[in-house]
Every structure is written in structure tokens, then in C-alpha cells.
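All remarks here apply to the structure that follows.
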Amino acid sequence: MKTITLSHGSGGKLMHDLVKDLFLKNLNNPFLAKLGDAAVIKFKGRKLAYTTDSFVVKPLFFPGGDIGKLAICGTVNDLAVSGAMPKYLSCGMIVEDGFSYDDLEKITQSLKAACKYAGVHIVTGDFKVVEKGSVDGIFINTSGMGEVFENADMAISRIRPGDKIVISGTIGDHASAMLLAREELKFKARISSDCSPLNNLVSSIICKDIKFMRDPTRGGLATTLNEISLTSGYNIAIEEANIPIKKSVRTLCEILGFDPLYMANEGKLIAIVSQDAAANVLLKMRRHALGKDARIIGEVKKEKDKKVYLKTQSGGSRILDMMTGEQLPRIC
């Protein structure tokens, strides 16, 4: 008998197969078929973006944030990388019997602070309490709606050979912070989650030369680039030497045997930009606090093997496959 495992929720190959073989098979329509971070819907001459996400993070509180901040940032970012300015959110909570009132208040205050920072409003919600042990403390679902920028044209079909791959900053910060917090590991360097709303960064760089954007959450940079390669049909090559990684994150990964290319992020974006405009987009990105460590890390190739290649610092090359299982559970 087939069963669902934690790996099916990892954002890797098992999850992609599940979405294709089960959900798309039964629920497919023109909006869902695009498998975007948000659905873009035309309404009375305007383009609206709509998305939803659920958060089951463990631990609930971690360096740099908590489940409340994460819930707002995750939904805001899905709208932002779809080329939209987030406006309105819903928030549903499922809390288990016996959950701390003080913790719920802290989470609610984090929701408030994150909304204020991102410039969005929670306009509707839901609250349920279930028997003790039915959920791991609290689960949160947020949905969001925003208006697509007039000069935004996000479509993976627009990607062409020669387009540049831009990353907005260091990778692996969120997953590393979660790992240290969950396992209570003693590590000399302090690592904080990069959990941040990206909508203001996106509004500062948005232009038609940006072909496509995505935030590399579950499965990290490598899995997200594989998704783009598989859908666009083109190979992608990235330079190991150009990928920004904090020394503390790199050290932690080396000690524990993790690959930072597959580590989750909650405040970074990948932009596919036309070759001629890449330098200008990078310059604008670096002017924003959340893009100060941005780099051009690679480009789209003309070959159509649907592969992602890493050019190593030693001069070699290796294929970066999509993650199959899961490096680190419960990161969002």
C-alpha cells in the first residue's frame, strides 16, 4: 500500500511527482497547470496574483523569526516573485489543546510586525482547536492576493539561452538556523534565519527584462534551478565561485555533511534576467538592504538536456540533480 512520507513534502523530486501524478491529474486547469508560486488572474482589465501556503515549522521560534513571521514572509514572497505587490492576506490557525497562550500571543505579535513591515493586511482568518497531539503545537495557513506590476512579465516560456541567473544574497541561512535551533547544537558562530519579505526589493528592480523569478525555499537553490530547467527545457550552468555563502553556514554544512545548494532559504530570490540588462538589475538589487550580497551566478545554456551544471572552483563540472528525499525536515 502506498503511503505519504515526510519526503513527499520536501520540495524535491518526490513532491514534484506527487503533484504531477495525483493533484494535477485530478485538479488540472489552465491556472494550476503553470505550477507557479502564485496564480495570475485577469479581472476587469487588471492582473491579480493569488497564492496560499501552510506552515508547520519546528521549532516554532528560531533565531531571526518564528512561525508567525515565516507565515507572512512566505506568502508575501510567493506573490512578490510572481511580479505582484502583495496587498491582502488571510490567516488560518490550527492549535492543539493545551498550547501556551503566551506563545500564541507572541506569534500573533510577530504576524502584526511582519505585516506592518511588508505593508500588507490580514483581512480575514480562521481559528480551530484540536485534541492534544493532533498537531505539533500550531499550524498556520496564509493566503494572499496582490496586484501585478504593469511592467512585470513573469513567464518561464520567456527564458532564452544567454539569460543570466541572479541570486539576491547568501544561501542556506534559514535551514542552518533551523537545524541549530531544533537540535540545540552548540556552534560558536551565531546563524540567523534570512526570513524577510521580498516585496520592496522586487518593486525596486522589477522590469520586463526580468523573465522569471522564484524564491528558493524547500530544496534550495539547486532544486529550484532544476524546476526552471525542466520547465523551460534549457540547461543551466552556475559557477561555484560566484555563489554567496556565509562562512558560518559553509562551516556548519562541512561539519554535518549538508550541501548548502540544497538548503532552504526564506528571504532570497532567483531572477532570470536578459543578458543585456543583468548588470543593471544587479546594481539595483545591491542598493537594497536585502540584496546587498547579490551575485550573477550563471546563465541559461542553449543545450536542451534539462540539466543543471555546477562549474566547481577546481575547474571541474558536476550535475546538480533535483533533491529526492529531504535534508532537513520541517523548515517552513
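The values are calculated or read from the model by the stated rules, or taken from the named source; none is laboratory data. Since we're looking at a predicted model, the values are computed, not measured. Note that we place each Cβ from the backbone using ideal geometry, even for glycine, and neighbour counts take in every protein chain shown. For accessibility, only protein heavy atoms count, side chains too; no ligands or nucleic acids. Shrake-Rupley method; radii C 1.70, N 1.55, O 1.52, S 1.80 Å.
Please verify whether region 289-296 includes one or more residues that are more than 19 Å from the chain's Cα centre (by Cα) and part of a helix (DSSP H, G or I). Full working, then the answer.
So the first thing to find is which residues in region 289-296 are more than 19 Å from the chain's Cα centre (by Cα), and the list is none.
Checked against the condition, which is being more than 19 Å from the chain's Cα centre (by Cα) and part of a helix (DSSP H, G or I), region 289-296 yields no hits at all.
Collect the residues in region 69-87 that are of a type outside the set (D, E, K, R) and more than 16 Å from the chain's Cα centre (by Cα), keeping them in residue-number order.
Selection gives Met85 alone.
Hey, among Lys116, Lys69, Lys58, which residue is in contact with a Cys (Cβ under 7 Å, 6 or more places away or on another chain), open to solvent by 10 Å² or more (accessible area, probe 1.4 Å) and either without any contact (Cβ under 8 Å) to a residue 40 or more places away in the chain or not in a strand (DSSP E or B) (or both)?
The match here is Lys69.
Would you please name the residue that is farthest from the chain's Cα centre (by Cα), looking only at residues in region 18-41 that are outside any helix (DSSP H, G or I) and either at pLDDT below 90 or closer than 19 Å to His8 by Cα (or both)?
Of everything passing the filter in region 18-41, Leu35 is farthest from the chain's Cα centre (by Cα).
Within region 130-153, work out how many residues are assigned to a strand (DSSP E or B) and either at pLDDT below 95 or within 20 Å of Val202 (Cα to Cα) (or both).
Selection size over region 130-153: 6.
So Tyr309 passes all but one of these: (1) modelled with pLDDT of 95 or more; (2) among the aromatic types (Phe, Trp, Tyr); (3) in a loop (DSSP other than H, G, I, E, B). Which condition number does it fail?
The number of the failed condition is (3).
Could you please find all residues in region 144-159 being under 17 Å from Ile67 (Cα atoms) and surrounded by fewer than 20 Cβ atoms within 10 Å (Cβ to Cβ)?
Answer for region 144-159, where residues must be under 17 Å from Ile67 (Cα atoms) and surrounded by fewer than 20 Cβ atoms within 10 Å (Cβ to Cβ): there is none.
Kindly indicate the residue of region 251-271 that is farther than 15 Å from Thr223 by Cα and of a type in the set (A, V, I, L, M) and also most open to solvent (accessible area, probe 1.4 Å) among those meeting that condition. Talk me through it step by step, then tell me what you get.
Going through region 251-271, the residues farther than 15 Å from Thr223 by Cα turn out to be 251-257, 267.
Filter again for of a type in the set (A, V, I, L, M), leaving 252, 255-256.
On the way: Leu252: 7, Ile255: 113, Leu256: 76 Å².
Per the stated criteria, the residue is Ile255.
Within region 193-218, which residues are polar (S, T, N, Q) and either open to solvent by less than 30 Å² (accessible area, probe 1.4 Å) or assigned to a strand (DSSP E or B) (or both)?
Listed by number, the residues that qualify are Ser193, Ser196, Asn199.
Can you find a residue in region 172-180 that is assigned to a helix (DSSP H, G or I), more than 22 Å from Thr51 (Cα to Cα) and out of contact with any helix residue (DSSP H, G or I) (no Cβ under 8 Å at 6 or more places or on another chain)?
For region 172-180, residues assigned to a helix (DSSP H, G or I), more than 22 Å from Thr51 (Cα to Cα) and out of contact with any helix residue (DSSP H, G or I) (no Cβ under 8 Å at 6 or more places or on another chain): present.
(1) under 24 Å from the mean Cα position of the chain (by Cα); (2) exposed (fewer than 15 other Cβ atoms within 10 Å of the Cβ): which one isn't true of Ser134, the others all being true?
Only one criterion in (1) under 24 Å from the mean Cα position of the chain (by Cα); (2) exposed (fewer than 15 other Cβ atoms within 10 Å of the Cβ) is unmet by Ser134, namely (1).
Looking at region 295-323, which of its residues are farther than 24 Å from Gln275 by Cβ and of a type in the set (Lys, Arg)?
Residue satisfying the conditions is Arg318 alone.
How many residues, within region 219-250, are touching a helix residue (DSSP H, G or I) at 6+ places or on another chain (Cβ under 8 Å) and open to solvent by 20 Å² or more (accessible area, probe 1.4 Å)? Even if it seems obvious, please write down each step before you answer.
As a first pass, look at region 219-250 and keep what is touching a helix residue (DSSP H, G or I) at 6+ places or on another chain (Cβ under 8 Å): 219-223, 227-228, 231-232, 235-236, 238, 243, 245-246, 248-250.
This time we only want the ones that are open to solvent by 20 Å² or more (accessible area, probe 1.4 Å), so: 227, 231-232, 245-246, 248, 250.
Counting residues in region 219-250 that are touching a helix residue (DSSP H, G or I) at 6+ places or on another chain (Cβ under 8 Å) and open to solvent by 20 Å² or more (accessible area, probe 1.4 Å) gives 7.
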